[in-house]
Amino acid sequence: MTADVAGAVEISGALARLRRATGLPVAFGGLLEPGRPQIRISELSGTRTSSLRALAVTSGNGLGGKAVALARPCAVTDYSVSREISHEYDVQVAAEGIRSVLAVPVVVRRRVRGVLYGALRSVQPLGDRTLGAAMAVARDVEQTLVVRDEARELLASARPEPAVADRGAAWEQVREAHAALRSLAPRIADPELRAELLAACGLLTAPRPTAGASLAPRELDVLSWVAAGATNAAVADRLGLRPETVKGYLRSAMRKLGAHTRGEAVTAARRAGLLP
């Protein structure tokens, strides 16, 4: 799944959640176009026309553009006559028949990455409860984008140059990246993206056809961080687990690998191709 497709899927799901959370009948939104100061409305939910599809909303223009420029939620009770916004997109908004509208920016690392809209076809104030519910949905999208960004960065750092691939320091970076990627996987709600991330983890290992040991995902997560030199307390912090739980997973992995120490478990896992 490409980044564009994954982003569209995430926005589409967010719009459905926004409608459920707020009770608003119409929702639409999109992400910032790379290298351009505008949001492209790519996803629609509950609309009756296609007037808003592919609309490019420039920073500062209209309600969404205002939300982008200010990096904060904005709302109007009657879009067409509001004096709080500019009116570059009145034709498209009128064609859809929406009146009361809210726009919530998706902000990642202090940069607006997209906008989610919710709307009514009647003139009615959108209260704090509705706005708060929409903001909560935007926060979920932000977290997903953060995880994806981290995953891409880790994957990039985990590709050693051929000339240094066999050097100890380079392989330590690969092992740390492998552990970090596995830590990110449980936080990704999209099953396809999660599967891609775990598949990328597999590219960092060298599986042997004779490998007989098999570890549960959490056992491998724990052992990945142990291999990177983390203490049980550090592993617990990284994975959001209790230290006792980490010890339990480690003991189970050691038993399956026939190991008596942490070091033996790591060595056995590498020989089996379970760790880089």
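The values are calculated or read from the model by the stated rules, or taken from the named source; none is laboratory data. Only a predicted model underlies this, so the values are computations on that prediction, with no experimental measurement involved. Heads up, the Cβs are rebuilt from the backbone with ideal geometry, glycines too, and the neighbour counts pull from every protein chain shown.
Taking the criterion of being farther than 30 Å from R175 by Cα and of a type outside the set (F, W, Y), would at least one residue in region 138-148 satisfy it?
Pass one, region 138-148, residues farther than 30 Å from R175 by Cα: 138-139.
Next cut, of a type outside the set (F, W, Y) only: 138-139.
Yes, some residue in region 138-148 is farther than 30 Å from R175 by Cα and of a type outside the set (F, W, Y).
Scan region 43-60 for residues that are in a loop (DSSP other than H, G, I, E, B), touching a strand residue (DSSP E or B) at 6+ places or on another chain (Cβ under 9 Å) and farther than 12 Å from Y117 by Cβ and the total you get is 5. Select from region 235-251 the residues that are modelled with pLDDT under 85 and over 10 Å from A179 (Cβ atoms) and write down the one among them that is surrounded by the most Cβ atoms within 10 Å (Cβ to Cβ). Restricting to residues being modelled with pLDDT under 85 and over 10 Å from A179 (Cβ atoms), the top hit is D237.
So is L220 at pLDDT below 90, hydrophobic (A, V, I, L, M, F, W, C) and either not assigned by TED's automatic domain parsing to the domain that holds A199 or not in a loop (DSSP other than H, G, I, E, B) (or both) or not? Walk me through it before giving the result.
Numbers: at pLDDT below 90: yes; hydrophobic (A, V, I, L, M, F, W, C): yes; either not assigned by TED's automatic domain parsing to the domain that holds A199 or not in a loop (DSSP other than H, G, I, E, B) (or both): yes.
Criteria met by L220.
When L274 is tested against the conditions (1) buried (at least 19 other Cβ atoms within 10 Å of the Cβ); (2) more than 21 Å from A177 (Cβ to Cβ), the lone failure is (2).
Yes or no: L15 in the same structural domain as R121 (by TED's automatic domain parsing), in contact with an Asp or Glu (Cβ under 7 Å, 6 or more places away or on another chain) and of a type in the set (A, V, I, L, M)? Steps first, please.
Values: in the same structural domain as R121 (by TED's automatic domain parsing): yes; in contact with an Asp or Glu (Cβ under 7 Å, 6 or more places away or on another chain): yes; of a type in the set (A, V, I, L, M): yes.
Judged against the criteria, L15 is a match.
Look at region 263-274: where a residue is on the phi > 0 side of the Ramachandran plot and a partner is of a type outside the set (V, I, T), sitting 6+ places away or on another chain with Cβ atoms under 7 Å, you get G273/A206; G273/P207; G273/R208; G273/A211.
Scanning region 29-42 for residues that are modelled with pLDDT of 90 or more, aliphatic (A, V, I, L, M) and part of a strand (DSSP E or B) yields L31, I39. Within region 30-47, the set of residues being in contact with a Lys or Arg (Cβ under 9 Å, 6 or more places away or on another chain) and of a type outside the set (V, I, T) comprises G30, L31, L32, E33, S42, E43, L44, S45, G46. Of R53, R99, all but one fail to be modelled with pLDDT under 95 and over 22 Å from the mean Cα position of the chain (by Cα); the exception is R53.
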